[in-house]
Amino acid sequence: MTKATQGFSTRAIHDGQEPDPLTGAVNVPIYLSSTYAQEEIGKNKGHEYARVSNPTRDALETNLASLEGGTSAHVFGSGMAAIMAMVTMLRSGDHVICGENVYGGTARLFNQIVVNYGIEFTYVDTSDVGAVRRAIKPETKLMHIETPTNPLMTLTDIRAVADVCHERDVELSVDNTFMSPYFQRPIELGADIVMHSTTKFLNGHSDGLGGVLVGTTPKHKEQFAFVQKCTGGILSPFESWLILRGVKTLAVRMKQHDESGRKVAAFLAQHSKVRQVFYPGLADHPQHELAKKQMSGFGSMISFETGSLANANALLKSVRVCTLGESLGGVETLISHPATMTHAAVGEKERARLGITDGLVRISVGIEDVDDLLADLDQALAQV
Ligand SMILES: *Cc1c(COP(=O)(O)O)cnc(C)c1O
């Protein structure tokens, strides 16, 4: 039940989650049932078979549609499964514009699987609205972007590119994983579809995989529900419940991620061993003004340049509170090396073109005491 008049935190805690009508349980139970009793032919209580729908999953989908301001949401077994479901809107011969610096797995899916079905991709620096305009062809059906990008934190003006897309009947999809709906709501800025890896900030505790597509039209609702039913890459009831639980604290977690993110970015920016910091919250970020306009916070994703692979390695093997690992968006601080981890599959040449150097380090600032994080980074940087 969506009451858009209520605030974000209220909706995060209540939408889709009325107390259980049978028992009064305030939490939506994990419904472990593959099938549902039917009273007579064609008569059921709204559920028939768990690939098609599940009450725990329904609650999460109602909740996420409300938070992103869409008309329906559809959850899948991972962020990649959600993107694959979105691709089923396309037909052979269609053309897609994709941000040139999207999540490595997204580019791998497009370039190594989806191209084999006669769908063409053009990678564009979508921070340049003119480049987006020039890339649109009569066959273009979809544009898929991330803002800010991973790991260089380049922004795309969502409203500007949405306008360009809509002039030419192209749908705009935004991977909103880095910001979460707490800080950025692309649909309010004109996007047609929002996608998330719920694995990251939405779940927030690094304990479950998931993905979501939030749609804005009856066609999205029909198509994405149909893909869930036909291909079966759905989210399990347990993971749906984990994300429902995670989302209840999304607002307070994001506030802390943002507050600590700003402090860590400021600390890195003044540190003599750090050559450059990429964070939209810093006044010298080239798109700081756009960041203030389209996001209500800057989040906690920060990248910084240490100068070389050896420097990055010296830092990464010395951290004690920060954990060296892939992924992001959890309560714990995760630190990673894009060139050899998230962006290894991109290839050396393309990394050089994008500016992903061997000395670049990415940090997802968690919600530990920020002084402990600063002390940890300080002692680790001393090893550089
Ligand atoms: C992690 C991630 C994905 C992929 O999601 P999975 O849940 O790992 O399949 C997609 N986009 C972004 C921005 C991500 O960080």
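Details
- With a simple spin-label model that places each label point 7 Å from the Cα along the Cα-to-Cβ direction, the separation between residue 259 and residue 275 comes to 3.5 nm.
- Cα gyration tensor, the stretch 5-95 - rounded (a/c under 1.5), prolate or oblate: oblate
- The length gained on full extension between residue 44 and residue 111, counted as 0.36 nm times the residue separation minus their Cα-Cα distance, comes to 19.8 nm.
- Environment charge at residue 147 (Cβ cut-off 10 Å; Lys +1, Arg +1, Asp -1, Glu -1): -3
- The modelled label-to-label distance for the pair residue 207/residue 6, using points 7 Å beyond Cα in the direction of Cβ, is 2.5 nm.
- Relative to its residue count, the stretch 1-58 spans a Cα convex hull of 110 Å³ per residue.
- Candidate aspartates and glutamates - alpha carbon under 14 Å from residue 255, same-chain residues fewer than 8 apart omitted: 368, 369
- Distant-in-sequence amide contacts of residue 172, defined by a placed amide H-H separation under 5 Å and a gap of 5 or more residues or a different chain, comprise 143, 192, 193.
- The Rg/Rh ratio of the chain, with both radii computed over alpha carbons and Rh defined as the Kirkwood radius, is 0.98.
- Protection-proxy order for peptides 89-99, 138-148, each taking the mean of Cβ atoms within 10 Å per residue, highest first: 138-148, 89-99
- Under the convention that each Lys and Arg Cβ holds +1 and each Asp and Glu Cβ holds -1, the size of the dipole of the chain around its Cα centre is about 180 debye.
- Cα gyration tensor shape of the stretch 280-373, rounded if a/c is under 1.5, else prolate or oblate by comparing a/b with b/c: oblate
- Here the calculated FRET efficiency for residue 168 and residue 231, from their Cβ-Cβ distance with R0 = 22 Å, stands at 0.15, rounded to the nearest 0.05.
- Carbon + sulfur, % of accessible area of the stretch 3-248 - ligands and nucleic acids excluded, 1.4 Å: 54 percent
- Taken as Cα centroids, the stretch 265-322 and the stretch 42-98 sit 34 Å apart, rounded to the nearest whole angstrom.
- Probe 1.4 Å, protein heavy atoms only - accessible area per residue of the chain in square angstrom: 43 Å²
- Cα gyration tensor shape for the stretch 86-229, rounded if a/c is under 1.5, else prolate or oblate: rounded
- Whole-Hz ³J(HN,Hα) from phi, Karplus 6.51 cos²θ - 1.76 cosθ + 1.60, for the stretch 343-357, glycine and proline x: 10, 4, 5, 6, x, 4, 5, 5, 4, 4, 5, 7, x, 8, 7
- Length added when fully stretched, residue 266-residue 378, from 0.36 nm per residue minus Cα-Cα: 39.0 nm
- Over the chain, Cα pairs under 8 Å with separation of 6+ residues give a relative contact order of 17 percent.
- Part-to-part distance (alpha-carbon centres) for the stretch 338-384 and the stretch 131-200, which is given in Å: 25 Å
The values are calculated or read from the model by the stated rules, or taken from the named source; none is laboratory data. Bear in mind that the values here come from a model prediction, so they are computed numbers and not experimental data. All Cβ positions, even for glycine, are placed from backbone atoms using ideal geometry, and neighbour counts span all protein chains on display. Just so you know, the surface numbers come from the protein's heavy atoms only, side chains and all, with ligands and any DNA or RNA stripped out. Shrake-Rupley method; radii C 1.70, N 1.55, O 1.52, S 1.80 Å.
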